[in-house]
Amino acid sequence: MLYGSSATLRFEASHIVIGHPDCGKPHGHTWSVTAHVSHEDLHEGYPRGGAGLGGCLEALVREVDGRDLKMMVPLIVATPTALAAWFFERISHDFPRLTRVDVCHRLEGGSVSRA
């Protein structure tokens, strides 16, 4: 049987998306990020010697909470989909069975899934 678990956290951060009608000027949002993993054992979901999915997500959220996303994640335009890819890449190192990361704010959302 295949099981799934997820962790969701919210954070505050500013960003700018040049040319976007709503996000073209520096401003902030309350963002939400949800990471989903699949596993075959109910007790799986914790990397060896590490925190669970929620702890991993919390450590990443601390890096961006209350900050300017352009400064924290300088190589991307901080859209929900781009942030989902950033979170996915970083979480998947500890959770190889990560299946999806969803990021959204009040105006729009984006997801990145493992094919």
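The values are calculated or read from the model by the stated rules, or taken from the named source; none is laboratory data. What you see is a predicted model; the values in this text were computed from it and never measured. As a convention, Cβ positions derive from the backbone with ideal geometry for all residues, glycine included, and neighbour counts pool all protein chains shown.
Taken together, the residues in the range 76-103 that are surrounded by fewer than 20 Cβ atoms within 10 Å (Cβ to Cβ) and at pLDDT below 90 amount to 8. In the range 18-40, of all residues being surrounded by fewer than 16 Cβ atoms within 10 Å (Cβ to Cβ) and among the β-branched types (Val, Ile, Thr), the one that is farthest from Ser92 (Cα to Cα) corresponds to Ile18. Condition check for Arg114 on (1) surrounded by fewer than 16 Cβ atoms within 10 Å (Cβ to Cβ); (2) modelled with pLDDT of 80 or more: one failure, at (2).
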